[in-house]
1. Has the stretch 55-73 got any residue that is within 21 Å of LEU214 (Cβ to Cβ), open to solvent by less than 20 Å² (accessible area, probe 1.4 Å), of a type in the set (Phe, Trp, Tyr) and not assigned by TED's automatic domain parsing to the domain that holds LYS157?
2. Within the stretch 33-50, is there a residue that is within 10 Å of ligand 1 (Cβ to nearest atom), closer than 30 Å to ARG233 by Cβ and free of Cβ contacts under 8 Å to residues at least 40 places away in the same chain?
3. Can you spot a residue in the stretch 149-162 that is closer than 24 Å to MET32 by Cβ and either more than 16 Å from ligand 1 (Cβ to nearest atom) or among the polar types (S, T, N, Q) (or both)?
4. Could you tell me whether the stretch 177-196 includes any residue that is of a type in the set (D, E, K, R), within 16 Å of ligand 2 (Cβ to nearest atom), surrounded by fewer than 18 Cβ atoms within 10 Å (Cβ to Cβ) and within 22 Å of TYR122 (Cβ to Cβ)?
5. Given the residues PHE28, PHE16, which is the only one that is of a type in the set (Phe, Trp, Tyr) and within 30 Å of GLY99 (Cα to Cα)?
6. Name the single residue, out of those in the stretch 74-118 being of a type in the set (A, V, I, L, M) and within 16 Å of ligand 2 (Cβ to nearest atom), that is surrounded by the fewest Cβ atoms within 10 Å (Cβ to Cβ).
7. For ILE228, which of the numbered conditions (1) within 16 Å of ligand 2 (Cβ to nearest atom); (2) open to solvent by 30 Å² or more (accessible area, probe 1.4 Å); (3) of a type in the set (Val, Ile, Thr) fails to hold?
8. Quick check on my filter: what residues within the stretch 28-54 are of a type outside the set (S, T, N, Q), surrounded by 19 or more Cβ atoms within 10 Å (Cβ to Cβ) and in contact with a Ser or Thr (Cβ under 7 Å, 6 or more places away or on another chain)?
Amino acid sequence: MDKKELINSGKVKSVFTTENEDEVIIEFRDDMTAGDGARKEVMDKKGAYNATISAKIFKVLEENGVETQFIDLPEPNVMVAKKLEMIPIEVIVRNIATGSLVRNYPIEDGKKLDPPILQMDYKDDEYHDPMLNRSLIKALEIASDEEIEILIEKALKINEVLVKFFADAGIILVDFKVEFGKDKDGNILLGDEISPDGCRLWDSETLEMLDKELFRKGKDNEVMNAYIEVYNRIIPDEEKFDV
Ligand SMILES: Nc1ncnc2c1ncn2[C@@H]1O[C@H](COP(=O)(O)OP(=O)(O)OP(=O)(O)O)[C@@H](O)[C@H]1O
Ligand SMILES: [Mg+2]
């Protein structure tokens, strides 16, 4: 399948139209950013690791009844996906308190959150992704009450499936961010990516970080090894790409 026109170039991915108007090609680039794009580095093969990890997770979610954008991964860093009209909400699920949560609220770092915290942020770097609530979502005309319920239900289901999936790989799913969009029939599907860029992942035994937090902390020379560790643990050998 050939790329036609670049329709969106974000901080880490480029989205292209294809000959099929209902599908897009998402190219995962090797860029890594932090601080709403304030800091940017290029990391060798990062796009391939993230696209392959995302594809695996989308397949696991589909097997568990969560509809996603995923169609195919023709190259390690290239995903064919359903074209979605993205909803500008970052739906965040937290199983352990850390990061901005403990900076902004009097919650102890590392506290287990059961039930998980579900948070929705307005996806807009210019406004620094401020937190939303139901009345803000309505006032901004981002989603209806019914759609908000669907987002919450889907995000919690994704959490349930992925907590187990990562636990089997010796990884704690601390928290994660997902984005949803509407397909041509108006169905709300999981879009974008699920990778160490948007998840906090800790080794179950040592609690060492296996995600982008390392880059945020300036540990640029450790971050790719963490991504590769996640990849090695969740991608079976026969599904690994040639390096
Ligand atoms: N299936 C899809 N169809 C259309 N667009 C998508 C799909 N999945 C993800 N996108 C969008 O692709 C864009 C590029 O992704 P990337 O993560 O690089 O961007 P970003 O920097 O997070 O976001 P933005 O450019 O919106 O600020 C994002 O806007 C994302 O919402
Ligand atoms: Mg993004």
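1. Looking for residues that are within 21 Å of LEU214 (Cβ to Cβ), open to solvent by less than 20 Å² (accessible area, probe 1.4 Å), of a type in the set (Phe, Trp, Tyr) and not assigned by TED's automatic domain parsing to the domain that holds LYS157, one finds none in the stretch 55-73, hence no.
2. Yes, the stretch 33-50 contains a residue that is within 10 Å of ligand 1 (Cβ to nearest atom), closer than 30 Å to ARG233 by Cβ and free of Cβ contacts under 8 Å to residues at least 40 places away in the same chain.
3. Residues of the stretch 149-162 that are closer than 24 Å to MET32 by Cβ, as a first pass: 158, 162.
Among the residues that remain, those that are also either more than 16 Å from ligand 1 (Cβ to nearest atom) or among the polar types (S, T, N, Q) (or both) are: 162.
Yes: one or more hits.
4. No, the conditions are met nowhere in the stretch 177-196.
5. On inspection, the qualifying residue turns out to be PHE28.
6. Start the filter on the stretch 74-118 by keeping residues that are of a type in the set (A, V, I, L, M), which leaves 78-81, 84, 86-87, 89, 91-93, 96-97, 101-102, 107, 113, 117-118.
Going one step further and asking which of them are within 16 Å of ligand 2 (Cβ to nearest atom), we end up with 79, 81, 84, 86-87, 89, 91-92.
Numbers: MET79: 26, ALA81: 25, LEU84: 22, MET86: 15, ILE87: 21, ILE89: 22, VAL91: 24, ILE92: 22.
Looking at residues that are of a type in the set (A, V, I, L, M) and within 16 Å of ligand 2 (Cβ to nearest atom), I get MET86.
7. Against the list (1) within 16 Å of ligand 2 (Cβ to nearest atom); (2) open to solvent by 30 Å² or more (accessible area, probe 1.4 Å); (3) of a type in the set (Val, Ile, Thr), ILE228 comes up short only on (1).
8. ILE53
The values are calculated or read from the model by the stated rules, or taken from the named source; none is laboratory data. On a predicted model such as this, the values are computed, not experimentally measured, just so you know. Reconstructed Cβ throughout: ideal geometry from the backbone, glycine too, with neighbour counts over all protein chains shown. Just the protein is used for accessible areas: all its heavy atoms, side chains included, with ligands, DNA and RNA removed. Shrake-Rupley method; radii C 1.70, N 1.55, O 1.52, S 1.80 Å.
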